Amino acid sequence: MSCEKNGFLDNGDFRLNKMSHAADTEDFEKSICDLPPGGLDVSVAFLLESPGGGSSLGEPIKYVAEGITKRPPNGQYYWTTPQPDSSSTDQTPTWPKDASELKNLYGDYFAHLIWTHKFHNAYFTNIVKCNLTKRDNEKFIRYEPTINPDNRDFKILTNCCRLFLNQEMTIIDPAIIFYFGKKSKSLGDYAELNRLLPAAQMVTLWHPAAHCSPSQIVSHNDKLIRAALDKLK
């Protein structure tokens with residue numbers, strides 16, 4: 001609630017909601033099964049813009065003393081739960097091994113990336129930790145990087161990166177940062193992650209919601225990921 005307490009929302013028309021969580025390889029292994037050995041033992045980070053997801057992902061929690069209501073993702077750990085087909089007799093979760101097995105391009109796709117490239121130390125998170133919306137609806141509002149210190153987005157982005165993202169990336173210390181989409185990359189540049197992690201490769205992938213087929217997204221991104229990993233060998 002740091003941004004609200006500091007008055008960064010301009011007025012009462014906006015709210016920060018749907019707070020982000022992160023996930024790593026171990027979280028996926030707990031949901032599915034242990035990852036087979038092999039692959040490069042390097043730390044990588046996959047960064048998205050800010051949390052979205054459906055309203056069913058969390059029940060609202062009201063912090064009475066502050067007069068603020070938030071919706072954390074407490075209804076479903078939505079990045080790490082590849083589920084078996086409901087029509088199948090085998091209900092054991094499995095690692096999605098190709099695009100045809102993906103039911104969605106978030107949790108299932110991230111599990112596919114871990115399996116395909118044997119990422120034993122992969123970390124997934126959003127750059128900005130809260131979803132910005134108008135108070136009277138859930139419509140997503142994009143953050144627009146700016147250098148104007150009086151601007152709402154400047155205050156939110158700077159505060160969020162200072163409190164969370166920079167500390168996350170310092171701890172994870174990734175050899176490669178994979179950005180999902182150009183907007184994510186622009187926010188990473190705004191956060192000056194290239195200065196924080198000068199030795200890390202920065203690679204921009206297609207976003208899971210790109211306007212093309214799942215197989216095209218998977219194929220395109222796999223090529224970029226393999227090329228980045230080859231540079232570490």
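Here is a check on your reading of the model: is Phe140 in contact with a Gly (Cβ under 8 Å, 6 or more places away or on another chain) and at pLDDT below 95?
Numbers: in contact with a Gly (Cβ under 8 Å, 6 or more places away or on another chain): yes; at pLDDT below 95: yes.
For Phe140, the condition - in contact with a Gly (Cβ under 8 Å, 6 or more places away or on another chain) and at pLDDT below 95 - is met.
Within the range 29-51, the set of residues being open to solvent by 10 Å² or more (accessible area, probe 1.4 Å), modelled with pLDDT of 90 or more and of a type in the set (Gly, Ala, Ser) comprises just one member, Ser43. Hey, any hits in the range 20-31 for a residue that's touching a residue at least 60 places away in the same chain (Cβ under 8 Å) and assigned to a strand (DSSP E or B)? There is at least one residue in the range 20-31 that is touching a residue at least 60 places away in the same chain (Cβ under 8 Å) and assigned to a strand (DSSP E or B). Taking (1) open to solvent by 30 Å² or more (accessible area, probe 1.4 Å); (2) within 30 Å of Trp206 (Cβ to Cβ); (3) part of a loop (DSSP other than H, G, I, E, B) in turn, Asp10 satisfies each apart from (2).
Only residues that are basic (Lys, Arg) and at pLDDT 95 or above: list them for the range 183-230, please.
First, the residues of the range 183-230 that are basic (Lys, Arg): 183, 185, 195, 223, 226.
Selection gives Lys185, Arg195, Lys223, Arg226.
Counting only residues that are touching a Leu at 6+ places or on another chain (Cβ under 8 Å), surrounded by fewer than 16 Cβ atoms within 10 Å (Cβ to Cβ), closer than 15 Å to Thr116 by Cα and among the aliphatic types (A, V, I, L, M), the range 215-233 holds 1 of them. Here Pro60, Pro93 are screened, and the one residue that is at pLDDT below 85 and surrounded by 13 or more Cβ atoms within 10 Å (Cβ to Cβ) is Pro93.
Within the range 115-161, the set of residues being in contact with a Ser or Thr (Cβ under 8 Å, 6 or more places away or on another chain) and among the aromatic types (Phe, Trp, Tyr) comprises Phe119, Tyr123, Phe140, Tyr143, Phe154. Note on the range 63-90: residues that are closer than 27 Å to Leu157 by Cβ, at pLDDT 65 or above, of a type in the set (Ser, Thr, Tyr) and assigned to a loop (DSSP other than H, G, I, E, B) total 1.
The values are calculated or read from the model by the stated rules, or taken from the named source; none is laboratory data. All values reported here derive from a predicted model rather than from experimental measurement. Every residue, glycine as well, gets a Cβ built from its backbone with ideal geometry; the counts of neighbours run over all protein chains shown. Each accessible area value is taken on the protein alone, full model and side chains, heavy atoms only, with ligands, DNA and RNA left out. Shrake-Rupley method; radii C 1.70, N 1.55, O 1.52, S 1.80 Å.
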